[in-house]
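Engineer: Below is a structure I'd like to ask you about.
Only the coordinates and a few stated rules stand behind these numbers; no lab work does. It should be emphasised that the depicted structure is a prediction, and the values quoted were computed from it without experimental measurement. All Cβ positions, glycine included, derive from the backbone under ideal geometry; neighbour counts span all protein chains shown.
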Amino acid sequence: MKIKFLIILFLSIYFGCQNEKNIQQETKKIDIPVFNYDSAFSFIEKQVSFGPRNLSSEGSVLCLNYLKKKLNLYADNVIIQTSKTKTYDNKEHDFFNIIAEFNPENPNRIFLCAHWDTRHIAENDPFEKNKPIIGANDGGSGVGVLIEIARIIKNNPIGIGVDIILFDAEDHGTDSNVNSWCLGSQYWSKNPHKKNYWAKYGVLLDMVGGENAQFTIEGGSYKYAEKYVEKIWNKGNELGYGNYFVYDKTKEIIDDHFFINRIIGIPTLDIIEYDYQTESNFNKHWHTHKDELSIISKETLNAVGETLINIIYNEK
């Protein structure tokens, strides 16, 4: 009996210690790197310094070289995917998708994306409608946040595979033809940079730098990537950014994720500003010459960047 009692006591202590160890491991706090919004802002500033980055422009060439050089400093591998296209106005252009890979051999992957081109006209501006816009927010902001995330991953190795994809030829479309938009992401969705490419989900950033921006739950995102929308919006609110990540469900829009979801089928959501006060429901500077560096808010960049950093470093 005494021996039996000692065995039971030993087993109780052993399994008790194991359970305590497991609980400690489960509750161990993950070190989350700091998102540097000043750094993200500087990446936007640099893009803007090249001028408009619409297809075939001088600014586009300069910015392409900058983005390649910058991402080559941070990523394990950078792929430039290029093709020719004819836009709705019957003009031929080369376009360039930029893919930065982190932990390329890890099959457990997610991707983050934005478009890096800018609008070739300013149809919503009262003046100089036929001149290209500078695109600090619409084009520059999402890219700036993603380059900062690339810099962070370089300095703080991550346990999953991450791809950062910068799409070209997103903004050279016309409202009379849905398929005239997002030519870079349409091409990538049909011709991914790796055979049989797959990721658990994708996150698109578009116009994520406006002051007091509100990011509602866009209809297509909810339809195709509901659980990932909830995860990101919940995290944003948990971090204190509930005034940015609002739970209102709003209409589906045409953006890069629209084609990614329908063509390659990877669940992809869009973090994009929704403005209740404008007819388009995009911000008041959308496709105007006022979309310049002065409208970019570091507080908004930080809300988006910190939320995403917390999401990807907690990804199992």
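Engineer: Taking the Cβ-Cβ separation of Lys316 and Glu252 as r and a Förster radius of 30 Å, what is the calculated FRET efficiency to the nearest 0.05?
Structural biologist: The pair Lys316/Glu252 has a calculated efficiency of 0.55.
Engineer: Another question about this same structure. Using only Cα atoms, tell me the angle between helix 58-74 and the longest principal axis of the chain; keep it within 0 to 90° and round to the nearest 10.
Structural biologist: 10 degrees
Engineer: Still on this structure, please answer the following. Measure nothing fancy, just the Cα-based angle from helix 2-27's long axis to the longest principal axis of the chain, in degrees from 0 to 90, nearest 10.
Structural biologist: Around 10 degrees separate the two axes.
Engineer: For the chain, what ratio Rg/Rh do Cα atoms give with a Kirkwood hydrodynamic radius?
Structural biologist: Here Rg/Rh amounts to 1.08.
Engineer: Dipole of the chain (Lys/Arg Cβ +1, Asp/Glu Cβ -1, origin at the Cα centre): which of Phe102, Tyr276, Trp286 lies farthest to the positive side?
Structural biologist: Of the candidates, Phe102 comes out farthest on the positive side.
Engineer: Can you give me the distance in nm between label points at Lys298 and Asn156, each placed 7 Å from the Cα along the Cα-to-Cβ direction?
Structural biologist: Placing both labels 7 Å beyond Cα along the Cβ direction yields 1.8 nm.
Engineer: Moving on. How about Lys284: which aspartates and glutamates have a C-alpha closer than 15 Å to its C-alpha, ignoring those fewer than 8 places off in the same chain?
Structural biologist: Glu123, Asp125, Asp138, Asp206, Glu211, Glu273, Asp275, Glu292
Engineer: Would you mind computing, in nm to one decimal, how far apart the modelled labels at Arg262 and Glu105 are, each placed 7 Å from Cα along Cα→Cβ?
Structural biologist: Taking the two extended label points, one gets 3.9 nm.
Engineer: I would also like to ask the following. Which links in Lys227/Lys251; Lys46/Lys194; Lys131/Lys290; Lys251/Lys316; Lys68/Lys131 stretch past 20 Å when you go from one Cα to the other?
Structural biologist: Among Lys227/Lys251; Lys46/Lys194; Lys131/Lys290; Lys251/Lys316; Lys68/Lys131, the Cα-Cα distance tops 20 Å for Lys46/Lys194; Lys251/Lys316; Lys68/Lys131.
Engineer: Also, I was wondering about something else. Once both labels are modelled 7 Å past Cα along the beta-carbon direction, what's the Ser56-Val34 spacing in nm?
Structural biologist: Distance between the two pseudo-spin positions: 4.7 nm.
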